[in-house]
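**Q** Encoded as structure tokens, here's the structure I'll be asking about.
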Amino acid sequence: MQYTRSSALFAHAEKVIPGGVNSPVRAFGAVGGTPIFIKKAYGPYLIDEDDNQYIDYINSWGPMILGHAYQPVVDAVIEKTKLGTSFGTPTEVETQIAELAVSMVPNIDKIRFVNSGTEACMSAVRLARGFTGKDKIIKFAGCYHGHSDSFLIQAGSGAVTFGSPNSPGVTAGTAKDTLLARFNDLNNVRELIEANPNEIACIIMEPVAGNMGCIPPKPNFLQGLRDLCTKHNILLIFDEVMTGFRLAKGGVQQLYGIKADLVCFGKVIGGGLPVGAFAAREEIMNHLAPIGPVYQAGTLSGNPLAMAAGLAMLQALNQDDEVYRRLEEKTAYLHVGMARVLDANKVVHTINRVGSMISVHFSETAVVDFQSAASGNNDTFKKFFHGMLNHGIYIAPSAFETWFITDALSYDDLDKTIAAVEAVAKTL
Ligand SMILES: *Cc1c(COP(=O)(O)O)cnc(C)c1O
């Protein structure tokens with residue numbers, strides 16, 4: 001493949017944008033080479049500035065669960081745009097999407113919309129602190145909750161890929177209130193709680209981790225956390241920015257039957273526009289301004305274009321009783337096919353999968369937490385990434401990312417992907 005125009009555009013971008021990108025994971029820092037500039041996309045395909053076409057497994061890092069340029073979302077945005085793009089007043093569409101989201105997700109009464117997953121998590125933690133009157137939080141190594149200061153402690157994917165687990169600029173004062181636990185290790189969490197009696201406001205987690213590859217919770221891990229939180233008056237925050245509306249209509253709460261106290265959303269809920277949200281039962285949400293004391297605001301929060309896109313996306317998911325089953329079947333098909341050709345070529349690997357999230361680790365051991373995720377062979381991943389790209393398959397340029405399956409993928413696309421894995425496996 002030729003990347004002439006992408007290379008020229010990147011060289012130009014680097015002069016005026018740090019690293020040439022507006023989000024670090026887009027750079028090819030971990031895999032080498034030059035990022036590819038995409039000019040358009042439809043269904044499961046990306047087309048770059050040199051007119052190369054790819055089957056896309058990034059899907060804008062999650063939102064495009066029904067494929068790119070999904071017609072109902074495109075139409076909704078175009079129609080809203082004609083009426084003006086932002087008013088800074090309440091609009092009806094905000095209530096419509098809120099009502100639909102509350103009806104789809106178990107255990108929430110009210111939801112507030114923000115502009116990104118980062119904002120959702122940051123605000124949910126502030127609310128948890130305000131509600132409980134406690135300061136400390138527990139997060140898990142390898143879980144990502146956006147780039148707000150208190151979360152940049154062993155934050156998975158982007159942060160880890162770039163070798164800065166703890167970012168400079170995060171003060172010691174902030175870092176001391178974030179306690180770090182091992183994913184899937186209930187005893188570790190219990191020890192932290194016992195060592196900090198009456199100080200912990202919340203546990204924030206990706207209930208199915210997706211930012212150190214895909215890592216499912218072990219049986220009883222979520223229920224164990226729920227029980228600990230209830231016992232110690234700690235709020236359990238499910239960061240479902242990645243899993244919300246992706247693994248089930250009601251996300252991980254529905255899939256595993258566990259109740260969280262606060263839930264964060266992003267990605268799918270915005271249909272590809274910048275949206276985040278956080279939600280809880282009424283008693284907690286009523287602590288927010290303007291009715292409660294915890295402040296949180298946003299000039300463009302609940303923006304009509306973003307809400308129209310998100311509403312069209314959620315309506316499509318809500319109306320289709322088969323979509324999550326189809327997604328899981330496609331993902332399982334890919335899993336079986338990839339495992340077969342990797343095994344046949346004696347490539348050491350572990351594949352993890354939940355619903356439409358799947359990740360391939362070039363690792364000998366089971367991948368159950370950050371440490372085991374980090375034990376994968378990064379040189380093999382680099383070769384795999386570039387090999388796949390050359391075969392027209394676009395996966396994330398980091399071994400710590402999950403692949404996202406979109407319903408727009410056909411079985412023919414999946415077969416092509418498996419054939420590409422087979423061809424690349426022979427070169428590893
Ligand atoms: C992507 C992501 C975020 C951050 O969302 P942004 O919209 O990038 O700010 C937070 N939590 C999880 C689990 C994510 O996957």
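**Q** Let me confirm something: among Gly32, Gly19, Gly84, Gly88, which residue is more than 20 Å from the chain's Cα centre (by Cα), in a helix (DSSP H, G or I) and not hydrophobic (A, V, I, L, M, F, W, C)?
**A** Of Gly32, Gly19, Gly84, Gly88, the one residue that is more than 20 Å from the chain's Cα centre (by Cα), in a helix (DSSP H, G or I) and not hydrophobic (A, V, I, L, M, F, W, C) is Gly19.
**Q** Another one. Within segment 234-259, work out how many residues are over 18 Å from Ala181 (Cα atoms) and in contact (Cβ under 8 Å) with a residue 60 or more places away in the chain.
**A** Qualifying residue count for the region: 15.
**Q** Quick one: which of Arg112, Arg26, Arg5 is within 28 Å of Asn377 (Cα to Cα) and among the basic types (Lys, Arg)?
**A** The match here is Arg26.
**Q** Right, something else. Report yes if some residue within segment 247-270 is near the ligand (Cβ under 10 Å from one of its atoms), open to solvent by 10 Å² or more (accessible area, probe 1.4 Å) and modelled with pLDDT of 95 or more; otherwise report no.
**A** Taking every residue of segment 247-270 in turn, at least one turns out to be near the ligand (Cβ under 10 Å from one of its atoms), open to solvent by 10 Å² or more (accessible area, probe 1.4 Å) and modelled with pLDDT of 95 or more.
**Q** Follow-up question, since we're still on this one. Mind listing whichever residues of segment 350-388 are assigned to a strand (DSSP E or B) and among the hydrophobic types (A, V, I, L, M, F, W, C)?
**A** Once the filter is applied, which keeps residues that are assigned to a strand (DSSP E or B) and among the hydrophobic types (A, V, I, L, M, F, W, C), segment 350-388 yields Ile351, Val354, Met357, Ile358, Val360.
**Q** Within segment 182-223, take every residue that is farther than 13 Å from Phe140 by Cβ, buried (at least 18 other Cβ atoms within 10 Å of the Cβ) and among the small types (Gly, Ala, Ser) and give me the one that is farthest from the ligand (Cβ to nearest atom).
**A** Residue satisfying both the conditions and the ranking: Ala201.
**Q** So, one more: For residues that are more than 12 Å from Phe400 (Cα to Cα) and surrounded by fewer than 19 Cβ atoms within 10 Å (Cβ to Cβ), tally how many sit in segment 342-379.
**A** Total meeting the criteria: 10.
**Q** To continue, here is another question. Could you list all residues from segment 11-31 that are open to solvent by 30 Å² or more (accessible area, probe 1.4 Å), more than 16 Å from the ligand (Cβ to nearest atom) and either in contact with a His (Cβ under 8 Å, 6 or more places away or on another chain) or without any contact (Cβ under 8 Å) to a residue 40 or more places away in the chain (or both)?
**A** Ala11, His12, Glu14, Lys15, Val16, Ile17, Pro18, Gly19
**Q** Would a scan of segment 329-338 turn up a residue that is closer than 25 Å to Gly67 by Cα, surrounded by fewer than 17 Cβ atoms within 10 Å (Cβ to Cβ) and of a type in the set (D, E, K, R)?
**A** Yes: one or more hits.
**Q** A follow-up question, please. Of the conditions (1) in the same structural domain as Asn378 (by TED's automatic domain parsing); (2) modelled with pLDDT of 95 or more, Ala101 clears all except one; give me its number.
**A** Condition (1) is where Ala101 drops out.
For every residue, the table says whether it meets (1) outside any helix (DSSP H, G or I); (2) within 28 Å of Lys267 (Cα to Cα); (3) touching a residue at least 24 places away in the same chain (Cβ under 8 Å).
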position: Val170; (1), (2), (3): yes, yes, no
position: Asn184; (1), (2), (3): yes, yes, yes
position: Lys218; (1), (2), (3): yes, yes, yes
position: Leu225; (1), (2), (3): no, yes, yes
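**Q** Output the residues belonging to segment 65-80 that are loosely packed, with under 14 Cβ neighbours inside 10 Å and on the phi > 0 side of the Ramachandran plot.
**A** If the condition is that a residue be loosely packed, with under 14 Cβ neighbours inside 10 Å and on the phi > 0 side of the Ramachandran plot, then no residue fits.
**Q** Also, quick follow-up: Which one is nearest to the ligand (Cβ to nearest atom) among residues in segment 103-131 that are part of a helix (DSSP H, G or I) and surrounded by fewer than 21 Cβ atoms within 10 Å (Cβ to Cβ)?
**A** Thr118
The values are calculated or read from the model by the stated rules, or taken from the named source; none is laboratory data. Computed from a predicted model, the values in this text were never measured in an experiment. Backbone-built Cβ (ideal geometry, glycine too); neighbour counts: all protein chains shown. Remember, those area values only see protein heavy atoms, side chains included, never the ligands or the DNA or RNA. Shrake-Rupley method; radii C 1.70, N 1.55, O 1.52, S 1.80 Å.
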